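Enquirer: First, the structure itself, so that you have it in front of you.
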Amino acid sequence: MGKKNGKHGGEKGTLSRGPVVATMVFSLLLAAAVAGTGILMERWLSDLPDVSNSDDFNYSQKTRVYANDGTTLLAEFFLENREPVTLDQISPYVKTGTVATEDERFYSHFGVDPIGIIRALYNNITGQSFEGGSTLTQQFVRSSYLADEASEISVKRKIREAVLAIELERTYSKEEILLMYLNTVNYGDGCYGIQVAANHYYQKNAADLTLAESASLIGIPQTPTNNNPVANPNNCMSRRNVVLDRMLTHNYITQAEYDAALATPLALNLAPAASKDGIYAYPYFTSYVRQTLLNQYSISQVFETGLTVYTTLDPALQVMAEDAAQAQYRRMADDLEVALTAIDPSTGYIKAMVGGKDYYSDQFNLATQSKRQAGSSFKTFTLAAAIEQGINPKTYIDCSSPATLDGWRVENYGNASYGVRSIESATTVSSNTGFARLVQTVTPDAVAEIAHRMGITSDLEAVNSITLGSQGVCTTEMADAYSTLATGGLQRKAIAITKIVDSKGATIFEHQDSPQRVLSPEVAYATTNVLKTVYTS
């Protein structure tokens with residue numbers, strides 16, 4: 001009996017341990033799974049953006065560039081064409097139609113809609129229709145906070161999207177979230193936000209859209225390419241009618257309104273094609289401003305953050321500069337081009353710029369990028385160096401032509417022989433041989449050094465031919481350097497931008513005048529007096 005009891009007891013004990021062990025193993029596995037999932041979730045959610053920071057919204061805003069009058073718009077730089085507006089600047093049809101079409105329970109869910117998810121799953125499984133189940137809030141999160149991962153189809157992305165949507169609903173009102181969506185959603189044809197779409201497709205403000213127009217635009221974001229009214233008008237009309245049907249179903253419009261809108265043709269009124277590069281006026285100068293911005297700021301800052309840039313360009317002087325260039329073209333061979341830069345010496349501001357004949361046939365800017373021989377205008381730096389070294393402009397120099405100096409053959413224009421005359425007179429007649437002899441006394445090193453000091457930024461080789469402008473410089477450098485003489489020896493860098501304001505109205509850059517004395521007033525004055533003789537003698 002004892003053994004039986006022991007045996008039975010042993011068997012009974014063995015049988016009772018099995019479920020306990022299995023339960024323990026399952027519990028441990030479940031706990032491990034939960035712990036593992038928790039760790040995974042923590043990793044997935046660790047770098048979520050702070051929804052309370054509105055800077056994280058993907059409001060890719062235009063950077064606007066103005067002339068010096070603050071009103072002449074030179075350019076709008078952007079990656080995505082956006083124009084944020086307020087809710088009262090949007091047609092009520094757009095607001096109610098968007099909710100009816102994209103998220104009918106928008107005002108009752110908490111960012112994620114379980115009922116909508118279940119309905120979407122059922123419709124997808126039964127083949128009734130294909131639906132995503134995302135709320136309007138989730139759609140906004142995907143296109144803004146999670147734009148970089150929007151194309152990912154993964155559990156990770158959906159969880160991150162849901163968590164952010166819930167947090168967004170805790171932070172902002174429904175109306176604020178709706179506005180965020182309407183200001184950022186893709187309406188096709190490069191239009192982001194309802195205001196840009198209204199302007200592009202109907203040449204009107206978002207507030208003035210009719211029911212039929214509103215429904216047409218509301219239908220585009222589902223598939224911006226397929227429902228694009230320009231490329232696929234039939235698809236757009238079909239989707240528009242779905243929007244109207246949902247607005248009627250949810251009592252946002254009456255039967256009469258529905259019938260009238262349904263019978264209305266698409267009737268697009270497309271805006272004229274905009275500049276592909278965002279430049280509207282004076283492209284040589286404006287493209288120079290764009291490059292200047294990109295030298296200081298990132299592509300994102302320049303094209304997405306909505307800067308306001310004030311420049312130095314004077315529209316009236318620019319027109320005069322372009323007229324002067326055209327007059328010069330009439331006297332030149334067809335294969336030649338004109339470059340011009342006008343600078344205000346008292347500020348260093350570039351007031352006008354001509355960089356070639358036609359920017360859109362050749363975007364190479366002769367005024368800032370072309371390194372061409374300056375010719376006789378470079379003799380000024382030899383003259384200034386000579387005066388700075390104490391050589392009197394009345395000093396006589398041999399200007400006979402031709403001349404061979406250390407194996408270098410030089411002759412005056414037309415091989416005119418001017419004999420022996422003063423440096424001042426040699427400047428008046430622009431004697432090549434006279435300045436070739438003068439540079440040997442002054443030294444090419446001194447000429448290169450004073451040219452750099454006065455504003456030339458290009459590399460210069462210290463050789464005798466430097467005095468005849470044999471090396472490449474651009475018109476902007478030359479204008480800047482000559483301005484140094486006009487200011488009595490004060491050098492100011494050529495400036496194209498005076499002020500930059502960010503999208504919140506804060507000034508992030510403002511030019512401060514800081515001239516550097518590079519020549520004595522006496523040298524600048526004496527050099528200028530000699531140069532005047534070119535016109536007065």
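The values are calculated or read from the model by the stated rules, or taken from the named source; none is laboratory data. The model shown is predicted, which means the values in this text are computed figures rather than measured ones. So basically every Cβ, Gly included, is an ideal-geometry build from the backbone, and we count neighbours across all protein chains shown. Accessible surface is based on the protein model in full, side chains and every heavy atom, while ligands, DNA and RNA are left aside. Shrake-Rupley method; radii C 1.70, N 1.55, O 1.52, S 1.80 Å.
Enquirer: Counting residues that are of a type in the set (S, T, Y) and within 24 Å of the chain's Cα centre (by Cα), which strands (runs of 3 or more DSSP E) fully inside the stretch 267-357 reach at least 2?
Expert: Ranges flagged: 308-311.
Enquirer: With respect to V289, determine if the residue is touching a strand residue (DSSP E or B) at 6+ places or on another chain (Cβ under 7 Å), open to solvent by less than 70 Å² (accessible area, probe 1.4 Å) and not hydroxyl-bearing (S, T, Y).
Expert: Details: touching a strand residue (DSSP E or B) at 6+ places or on another chain (Cβ under 7 Å): yes; open to solvent by less than 70 Å² (accessible area, probe 1.4 Å): yes; not hydroxyl-bearing (S, T, Y): yes.
Criteria met by V289.
Enquirer: Among the residues of the stretch 237-259 satisfying the criterion of being assigned to a helix (DSSP H, G or I) and open to solvent by 60 Å² or more (accessible area, probe 1.4 Å), which is farthest from P92 (Cα to Cα)?
Expert: The extreme case among them is S238.
Enquirer: Considering the stretch 487-519 alone, what residues qualify as being aliphatic (A, V, I, L, M) and open to solvent by less than 60 Å² (accessible area, probe 1.4 Å)?
Expert: Within the stretch 487-519, L490, A494, I495, A496, I497, I500, V501, A506, V518, L519 meet the criteria.
Enquirer: Counting only residues that are open to solvent by 30 Å² or more (accessible area, probe 1.4 Å) and either out of contact with any helix residue (DSSP H, G or I) (no Cβ under 8 Å at 6 or more places or on another chain) or within 11 Å of I350 (Cα to Cα) (or both), how many does the stretch 472-486 have?
Expert: So the first thing to find is which residues in the stretch 472-486 are open to solvent by 30 Å² or more (accessible area, probe 1.4 Å), and the list is 475, 482, 486.
From what's left, either out of contact with any helix residue (DSSP H, G or I) (no Cβ under 8 Å at 6 or more places or on another chain) or within 11 Å of I350 (Cα to Cα) (or both): 475.
Residues in the stretch 472-486 being open to solvent by 30 Å² or more (accessible area, probe 1.4 Å) and either out of contact with any helix residue (DSSP H, G or I) (no Cβ under 8 Å at 6 or more places or on another chain) or within 11 Å of I350 (Cα to Cα) (or both): 1 in total.
Enquirer: So, one more: Of the numbered conditions (1) open to solvent by 30 Å² or more (accessible area, probe 1.4 Å); (2) part of a loop (DSSP other than H, G, I, E, B); (3) farther than 30 Å from V289 by Cα; (4) of a type outside the set (A, V, I, L, M, F, W, C), E461 satisfies every one except a single condition; which is it?
Expert: (3)
Enquirer: Would you pick out the residues in the stretch 499-537 that are of a type in the set (S, T, N, Q), within 30 Å of the chain's Cα centre (by Cα) and outside any loop (DSSP other than H, G, I, E, B)?
Expert: Initial filter on the stretch 499-537 (of a type in the set (S, T, N, Q)): 503, 507, 512, 514, 516, 520, 527-529, 533, 536-537.
Narrowing further to those that are within 30 Å of the chain's Cα centre (by Cα): 503, 507, 512, 514.
T507, the sole residue that qualifies.
Enquirer: Out of all the residues in the stretch 260-278, which are hydrophobic (A, V, I, L, M, F, W, C), closer than 26 Å to G190 by Cβ and open to solvent by 70 Å² or more (accessible area, probe 1.4 Å)?
Expert: Once the filter is applied, which keeps residues that are hydrophobic (A, V, I, L, M, F, W, C), closer than 26 Å to G190 by Cβ and open to solvent by 70 Å² or more (accessible area, probe 1.4 Å), the stretch 260-278 yields L270, A273, A274.
Enquirer: In addition: Return the residues of the stretch 62-75 that are open to solvent by 20 Å² or more (accessible area, probe 1.4 Å) and either within 13 Å of V289 (Cβ to Cβ) or modelled with pLDDT of 95 or more (or both); say none if nothing qualifies.
Expert: Passing the criteria: R64, Y66, N68, D69, G70, T71, T72, L73.
Enquirer: Out of curiosity, is Y145 in contact with a helix residue (DSSP H, G or I) (Cβ under 8 Å, 6 or more places away or on another chain), aromatic (F, W, Y) and at pLDDT below 90? If you could, list the steps in order and put the result at the bottom.
Expert: Details: in contact with a helix residue (DSSP H, G or I) (Cβ under 8 Å, 6 or more places away or on another chain): yes; aromatic (F, W, Y): yes; at pLDDT below 90: yes.
Against the criterion (in contact with a helix residue (DSSP H, G or I) (Cβ under 8 Å, 6 or more places away or on another chain), aromatic (F, W, Y) and at pLDDT below 90), Y145 qualifies.
Enquirer: Just checking, how many residues over the stretch 207-226 are surrounded by fewer than 24 Cβ atoms within 10 Å (Cβ to Cβ) and closer than 21 Å to Q61 by Cβ?
Expert: Number of matching residues: 3.
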